[in-house]
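Visitor: Mind having a look at this structure? Questions to follow.
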Amino acid sequence: MTALPQERRVVTAIPGPKSQELQARRTAVVAQGVGSTLPVFVARAGGGVIEDVDGNRLIDFGSGIAVTSVGASAEAVVRKASAQLADFTHTCFMVTPYEGYVAVAEALAELTPGDHAKKSALFNSGAEAVENAVKIARAYTKRQAVVVFDHGYHGRTNLTMALTAKNMPYKHGFGPFAPEVYRVPVAYGYRWPTGAENAGPEAAAQAIDQISKQVGAENVAAVIIEPVLGEGGFIEPAKGFLPAIREFASDNGIVFVADEIQSGFCRTGQWFACEDEGIVPDLITTAKGIAGGLPLSAVTGRAEIMDAAHSGGLGGTYGGNPVACAGALGAIETMKELDLNARAKDIEAVMKSRLAAMAEKFDVIGDVRGRGAMIAIELVKDRETKEPNPAATAALAKACHQEGLLVLTCGTYGNVLRFLPPLVIGEDLLNEGLDIIEQAFTRV
């Protein structure tokens, strides 16, 4: 898959001297608002490894936030994107179109849930995809209200900040936000007051009741939900919740939008996470894993809904850039050839058994959850009260980083360690990464 040796190697402090020099240059010219989880500067990456400018090789449990699912230098992505780069870099699809955009739309029609006629529009980022899904839903329904859920994350543009639940760091100080956005409960099983077994039906009833009373179902253009909530803490809505919301949307002419930006493209062991409970969305938004690291996103959905926007109403200069489209076709080819859905399930089996064993040993682990290669542990001060433990989460992440394992945190309360290894990671690297996590628990 990659020429980069697939082994961890720590030869300097992390970050090392060359990374520290680059960090000083960065501080002088890059805006402070742009953060970094771990300031090691990357020289090469591929498979399950990131190599920095100091020659350290880190095990990658982040995939650039679920982007490089096929690895950060997948052969088919590099080959197809390079060939396209040599032919032309850009014409703007809205000026003179090209086949790659059409081929990606055809692939999305084939892969996304449901056998109805589908169409797509391509953009650059996940936030753009969500924003355009709202535009399309409003054009189709002639309604304005948009319903979103607790712990949801949908992006950093003005409208998607309004859709996002968490204030810090995403919204703080950046208002005013777009109007006609309404937030309702989600079935967060681990923290549901009456227990996880009741969360699905009770949360659905509460959400539907709030929408009906406070907004009016007849005013709602779209409900937007991540089938596995990403930044909010890798929350899988309790069983029954998504089907109930889907049914409510269908009964009331509301466009049901599945935001699969973090959970899509084999990440959860299925092409799309909403397939787990047989949900067929009206619109589905994708990005991250779609193109092997090149900037591309999409809205795909029922042809009659997608066609509701007037000609010229959707687009953007770079939307569906030809090089990114070539990368996407290479990424999808890799996912099929290597059966990365099966690989994701293998990763889940290894990670969950190891993490469950750690939960037996370490009381700080309150919950182990997730699907496929989208796995998380929620850390608490006390298992009875479930009080969040963000300090332990930060300390564990730091301990892992020092040993050459890149991990990410997330969660509304900042107390979730999330694991998003590339789906092509080797079994030995995966287990070595889990060894490092276990040792970090022992030390912290």
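Visitor: Only residues that are under 26 Å from Val77 (Cβ atoms) and part of a loop (DSSP other than H, G, I, E, B): list them for the stretch 1-38, please.
Guide: Within the stretch 1-38, Met1, Thr2, Ala3, Leu4, Pro5, Gln6, Glu7, Arg8, Val34, Ser36, Thr37, Leu38 meet the criteria.
Visitor: Moving on. Residues in the stretch 232-240: is at least one in contact (Cβ under 8 Å) with a residue 40 or more places away in the chain and in a helix (DSSP H, G or I)?
Guide: Checking the stretch 232-240: not a single residue is in contact (Cβ under 8 Å) with a residue 40 or more places away in the chain and in a helix (DSSP H, G or I).
Visitor: Answer yes or no as to whether Gly426 is of a type in the set (Gly, Ala, Ser), at pLDDT 95 or above and within 24 Å of Ile290 (Cα to Cα).
Guide: Yes.
Visitor: Of the residues Phe149, Phe177, only one is modelled with pLDDT of 95 or more and in contact with a strand residue (DSSP E or B) (Cβ under 6 Å, 6 or more places away or on another chain); which?
Guide: Among Phe149, Phe177, only Phe149 is modelled with pLDDT of 95 or more and in contact with a strand residue (DSSP E or B) (Cβ under 6 Å, 6 or more places away or on another chain).
Visitor: May I pose another question? Can you tell me which condition Gly189 does not meet? The list is (1) small (Gly, Ala, Ser); (2) within 21 Å of Thr268 (Cα to Cα); (3) surrounded by 23 or more Cβ atoms within 10 Å (Cβ to Cβ), and all the others hold.
Guide: Among (1) small (Gly, Ala, Ser); (2) within 21 Å of Thr268 (Cα to Cα); (3) surrounded by 23 or more Cβ atoms within 10 Å (Cβ to Cβ), the lone unmet condition for Gly189 is (3).
Visitor: Now, a different point. Which ones in the stretch 251-297 are part of a helix (DSSP H, G or I) and either touching a Phe, Trp or Tyr at 6+ places or on another chain (Cβ under 7 Å) or assigned by TED's automatic domain parsing to the domain that holds Phe419 (or both)?
Guide: Gly289, Ile290, listed by residue number.
Visitor: Hey, another quick one. For Glu51, which of the numbered conditions (1) outside the structural domain of Ala273 (by TED's automatic domain parsing); (2) part of a loop (DSSP other than H, G, I, E, B); (3) farther than 24 Å from Met374 by Cβ fails to hold?
Guide: Failing condition for Glu51: (2).
Visitor: Then there's this: When the residues of the stretch 145-175 are narrowed to those that are of a type in the set (S, T, N, Q) and more than 16 Å from the chain's Cα centre (by Cα), which ends up surrounded by the most Cβ atoms within 10 Å (Cβ to Cβ)?
Guide: Among them, the one singled out is Thr157.
Visitor: Could you tell me whether the stretch 260-274 includes any residue that is modelled with pLDDT of 95 or more and under 19 Å from Ala221 (Cβ atoms)?
Guide: Scanning the stretch 260-274, I find no residue that is modelled with pLDDT of 95 or more and under 19 Å from Ala221 (Cβ atoms), so the answer is no.
Visitor: Right, here's the next one. Given (1) under 30 Å from Val257 (Cα atoms); (2) touching a helix residue (DSSP H, G or I) at 6+ places or on another chain (Cβ under 7 Å), where does Leu85 come up short, assuming only one miss?
Guide: If we test Leu85 against (1) under 30 Å from Val257 (Cα atoms); (2) touching a helix residue (DSSP H, G or I) at 6+ places or on another chain (Cβ under 7 Å), just (1) comes out false.
Visitor: Does Glu202 satisfy being in contact (Cβ under 8 Å) with a residue 24 or more places away in the chain and acidic (Asp, Glu)?
Guide: no
Visitor: Going through Phe256, Phe248 one at a time, which residue ends up being out of contact with any Gly (no Cβ under 9 Å at 6 or more places or on another chain), aromatic (Phe, Trp, Tyr) and either surrounded by fewer than 24 Cβ atoms within 10 Å (Cβ to Cβ) or at pLDDT below 95 (or both)?
Guide: After applying the criteria, what remains is Phe248.
Visitor: Any residue at all in the stretch 270-284 that is touching a helix residue (DSSP H, G or I) at 6+ places or on another chain (Cβ under 6 Å) and among the aromatic types (Phe, Trp, Tyr)?
Guide: Looking through the stretch 270-284, at least one residue is touching a helix residue (DSSP H, G or I) at 6+ places or on another chain (Cβ under 6 Å) and among the aromatic types (Phe, Trp, Tyr).
Visitor: Same structure, new question: Can you find, within the stretch 94-129, the residue that is surrounded by the fewest Cβ atoms within 10 Å (Cβ to Cβ) among those that are free of Cβ contacts under 8 Å to residues at least 40 places away in the same chain and over 22 Å from the mean Cα position of the chain (by Cα)?
Guide: Asp115
Visitor: Considering only the stretch 21-40, I want to know if a residue exists there that is among the basic types (Lys, Arg) and out of contact with any helix residue (DSSP H, G or I) (no Cβ under 8 Å at 6 or more places or on another chain).
Guide: Yes, the conditions are met somewhere in the stretch 21-40.
Visitor: Against the conditions (1) surrounded by fewer than 16 Cβ atoms within 10 Å (Cβ to Cβ); (2) polar (S, T, N, Q); (3) within 24 Å of the chain's Cα centre (by Cα), where does Thr91 fall short? Just the number, please.
Guide: Every condition holds for Thr91 apart from (3).
The values are calculated or read from the model by the stated rules, or taken from the named source; none is laboratory data. Note that this is a predicted model, so its numbers are computed, not measured. With ideal geometry, Cβ positions are generated from the backbone for all residues, glycine too; neighbour counts draw on all protein chains shown.
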